[in-house]
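Peer 1: Mind having a look at this structure? Questions to follow.
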Amino acid sequence: MRIILTGGGTGGHIYPALAFIKYIQSVEADSEILYVGTARGLESKIVPAAKIAFKTIDVQGFKRSLSLSNLKTITKFLSATQAAKKIIKAFKPDVVVGTGGYVAGPVLYAAEKLNVPTLIHEQNSVPGITNKFLSSRVTKIAVAFEAAKPYFPKEKTIFTGNPRAQEVANLKATSILETEYHLKKDKKTVVIFGGSRGAMTINEAVKTALPLFEKEDYQVIYASGQIYYDEDHAIFEAYQASENIAIRPYISNMLEVFASSDLVLCRAGATTIAEVTALGLPTIFVPSPNVTADHQTKNAQALVDINVAQMIADRDLTGEVMVEAISSIFADEARYKEMSQNSRLAGVPDASERLYQLVKEITT
């Protein structure tokens, strides 16, 4: 199979694409794969590092409000579409798959104009501008949340889950808590983080919660983000010797940590949701208020509704609220077990396989 993938801007668009590429390579080792992104986006670092062929086009996103810059965006979109057509004609793909972000717009649009089968994958419960724009043009639409289906044409929208889930579903607990974080293997552990760069609200709550955590009978791993780690280093340093608290600026092996832990408190990005549900982890979500269409709240609510997660609004998070939420879940064994079982049921451990079958359907 010859396949072009495109998507970028954030890890939430890139990592599902990479997970899907890994699956394709496992079932069709002779597949030829090309990734199209932008030179400025995160994909320009992540994709080449994964040893995947990478080409770029120059495009920018639309402003949601009326703006003169949108005139420039339209001009760039048209020129990017022409550039994408050249890439597609040269590569001759069997299918073009987009995972979101404004770079996917001209690539999928160009593919449709060249009569190449196309598919978009929407990771969130509320679609972004690009996928909404493309929905009437592409051959098929895959969604990671059932809640996203009503936004798209019913006849060509399929629930597949997020490919990232299949990538992590079979991970097992290791000794990482002991070897890298100097914690105990047999103690309940909660992982707290606010994304790769951290989150101010979560960081402020953790600082208040640290003396309370120190008295609890469970363990805490906190990834603050480098900025907050530097700003609050003196506070964090005072707790580095604690038997049940480990603080790092960033956790590079997060999936391994997830697989060895019992509970997560984090934002409600689509990729993280795919990971925690694939592993059957109960989660406390603190959705970011600074995202398009408040989609993180809607992502989280979808799991709250099926008793997989608890949600705390960003404005309501304090150290005391944080500790109470974590402690109450750990203290109620029946509730914890039910949340864990529901989480695993909500995960889609064959998401990449489902997406692959959809690709095969539109290319044969």
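Peer 1: Can you list the aspartates and glutamates whose alpha carbon sits under 20 Å from that of Lys92, skipping same-chain ones fewer than 8 residues off?
Peer 2: In chain and number order, the partners are Glu28, Asp30, Glu32, Glu112, Glu361.
Peer 1: Oh, and also: Write down the accessible area per residue of the chain in Å², having rolled a 1.4 Å probe over the full set of protein chains.
Peer 2: 44 Å²
Peer 1: Right, something else. Would you work out what percent of the accessible area of segment 71-197, with all protein chains in place, is carbon or sulfur (probe 1.4 Å)?
Peer 2: Values: 3020 of 5670 Å².
Taking all protein chains in place, segment 71-197 shows 53 percent carbon and sulfur surface.
Peer 1: Same structure, new question: Rank Thr318, Thr99, Thr73 by mean-square fluctuation in a GNM of the chain with C-alpha springs under 10 angstrom and give only the top-ranked residue.
Peer 2: Taking springs between Cα atoms under 10 Å, the residue moving most is Thr73.
Peer 1: How far is helix 295-304 tilted off the main Cα axis of the chain, in degrees rounded to 10, range 0 to 90?
Peer 2: 60 degrees
Peer 1: Rounded, prolate or oblate: which fits segment 1-155 when a ≥ b ≥ c are the square roots of the eigenvalues of the alpha-carbon gyration tensor, with rounded for a/c under 1.5 and prolate only if a/b beats b/c?
Peer 2: Values: a/c = 1.42, a/b = 1.17, b/c = 1.21.
Note, shape of segment 1-155 comes out rounded.
Peer 1: Could you work out how much longer the chain between Glu324 and Lys154 gets when fully extended? Use 0.36 nm per residue separation minus the Cα distance between them, nm to one decimal.
Peer 2: Details: separation 170, 0.36 × 170 = 61.20 nm, distance 4.21 nm.
Full extension from Glu324 to Lys154 adds 57.0 nm.
Peer 1: Something else now. Can you tell me the orientation of helix 351-363 relative to the chain, as the angle in degrees between its alpha-carbon axis and the longest Cα principal axis, to the nearest 10?
Peer 2: Approximately 10 degrees, to the nearest 10.
Peer 1: Among Ala83, Ala111, Ala309, determine the one that fluctuates most according to a GNM of the chain built with springs between C-alpha atoms less than 10 Å apart.
Peer 2: Ala83
Peer 1: Given a 1.4 angstrom probe, I'd like the percentage of the accessible area of segment 220-356 that is carbon and sulfur, rounded to a whole number.
Peer 2: 49 percent
Peer 1: Further question on the same structure: About its Cα centre, what dipole magnitude does segment 62-213 give when the only charges are +1 on Lys and Arg Cβ and -1 on Asp and Glu Cβ, stated in debye to the nearest 20?
Peer 2: In debye, rounded to 20, segment 62-213 gives about 500.
Peer 1: Here is a follow-up. Would you work out which of Ile158, Ile87, Ala104 lies farthest towards the positive end of the dipole of segment 40-164? Charges go on Cβ: Lys and Arg +1, Asp and Glu -1.
Peer 2: Farthest towards the positive end: Ile87.
Peer 1: So, one more: With unit charges on the beta carbons (Lys and Arg positive, Asp and Glu negative) and the dipole taken about the Cα centre of segment 303-359, which residue among Ala325, Val304, Asn342 sits farthest to the positive side?
Peer 2: Asn342
Peer 1: Still on this structure: Sticking with the crude label model, points 7 Å out along Cα→Cβ, report the distance from Ala53 to Ser196 in nm, one decimal please.
Peer 2: A separation of 2.5 nm, rounded to one decimal place.
Peer 1: Amide H to amide H, which residues 5 or more places from Gln219 or on other chains are under 5 Å from it, using H placed in the peptide plane?
Peer 2: Result for Gln219 returns Lys188, Thr189, Val190.
Peer 1: Using only Cα positions of segment 127-177, each an equal point scatterer, no hydration layer, compute I(q)/I(0) via Debye at q = 0.23 Å⁻¹ and quote the log10 values to two decimals.
Peer 2: -0.85
Peer 1: Starting from 0.36 nm per residue, how many nanometres of slack lie between Ala147 and Arg40 once their C-alpha separation is accounted for?
Peer 2: The span from Ala147 to Arg40 would gain 35.4 nm if fully extended.
Peer 1: Once you keep just the Cα pairs under 8 angstrom separated by 6 or more residues, what percentage relative contact order results for the chain?
Peer 2: The value is 16 percent.
Peer 1: Another question, then. What is the distance in Å between the Cα centres of segment 154-221 and segment 342-359?
Peer 2: So the two Cα centres are separated by 22 Å.
Peer 1: Still on this model: Could you pull the accessible area for Tyr229 with a 1.4 Å probe, rounded to 10 Å²?
Peer 2: 40 Å²
Peer 1: Can you tell me the dipole magnitude for segment 220-364 around its Cα centre, using point charges on the Cβ only (Lys, Arg +1; Asp, Glu -1), in Debye to the nearest 20? Provide the component values of the computation, followed by the final result.
Peer 2: Values: 9 positive and 20 negative charges, 104 e Å.
The dipole magnitude comes to about 500 debye.
Peer 1: While we're looking at this one, here's another question. Can you tell me the length gained on complete extension of the stretch Lys22 to Asp230, counting 0.36 nm per residue apart and subtracting the Cα distance?
Peer 2: 71.3 nm
Peer 1: Write down, largest first, the equivalent ellipsoid semi-axes of segment 133-276 in whole Å, where each equals the square root of 5 times an eigenvalue of the alpha-carbon gyration tensor.
Peer 2: Equivalent ellipsoid semi-axes, largest first: 36, 18, 12 Å.
Peer 1: About its Cα centre, how strong a charge dipole does the chain have in debye, to the nearest 20, once Lys and Arg get +1 and Asp and Glu get -1 at the Cβ?
Peer 2: Charge dipole, the chain, about its Cα centre: 2040 debye, nearest 20.
Peer 1: From Cα pairs below 8 angstrom and at least 6 apart in sequence, can you work out the relative contact order of segment 142-204, rounded to a whole percent? Working shown, then result.
Peer 2: Working: 32 pairs, mean separation 12.6, N = 63.
Reported as a whole number, the value is 20 percent.
Peer 1: Just to be sure I follow: if Rg is taken over the C-alpha atoms of the chain and Rh is the Kirkwood radius over the same atoms, what is Rg/Rh?
Peer 2: Rg/Rh: 0.99.
Peer 1: Here's a follow-up. Can you sort Ser260, Ser175 by 1.4 Å-probe accessible area, starting with the largest? Can you show the working numbers first?
Peer 2: Values: Ser260 15, Ser175 55 Å².
Greatest to least solvent exposure: Ser175, Ser260.
Peer 1: Still on this structure, please answer the following. If R0 is 25 Å, what FRET efficiency do you get for Glu204 and Val304 from their C-beta distance, rounded to 0.05?
Peer 2: 0.60
Peer 1: Compute the angle between helix 104-113 and the longest alpha-carbon principal axis of the chain, please, reported from 0 to 90 degrees and rounded to the nearest 10.
Peer 2: Between helix and principal axis, roughly 30 degrees.
Peer 1: Taking 8 Å as the Cα distance limit and 6 or more residues as the minimum spacing, I'd like the relative contact order of segment 213-364 as a percentage. Before the final figure, lay out the partial values.
Peer 2: Numbers: 183 pairs, mean separation 30.3, N = 152.
Relative contact order comes out at 20 percent.
Peer 1: Provide His121, His182, His295, His233 ordered by accessible surface of protein heavy atoms (probe 1.4 Å), highest first.
Peer 2: Result, largest first: His182, His233, His295, His121.
Peer 1: Next up: What distance in nm separates the simple spin-label points at Lys92 and Glu333, each placed 7 Å from Cα in the Cβ direction?
Peer 2: 6.4 nm
Peer 1: Continuing with this model, one more query. Mean-square fluctuation check for the chain, GNM, Cα pairs under 10 Å: which of Gly161, Gly100, Gly11 is largest?
Peer 2: Among Gly161, Gly100, Gly11, the largest mean-square fluctuation in the Gaussian network model of the chain belongs to Gly11.
Peer 1: Anything over 18 Å Cα to Cα? Flag those among Lys85/Lys113; Lys22/Lys51; Lys22/Lys298, in the order listed.
Peer 2: In this structure, Lys22/Lys298 exceed 18 Å between Cα atoms.
The values are calculated or read from the model by the stated rules, or taken from the named source; none is laboratory data. Nothing here was measured: the structure is a model prediction, and the numbers come from that model. Counting neighbours? That spans all protein chains shown, and the Cβs are built from the backbone with ideal geometry, glycine included. In case anyone asks, the SASA skips ligands and DNA or RNA and just uses the protein heavy atoms, side chains included. Shrake-Rupley method; radii C 1.70, N 1.55, O 1.52, S 1.80 Å.
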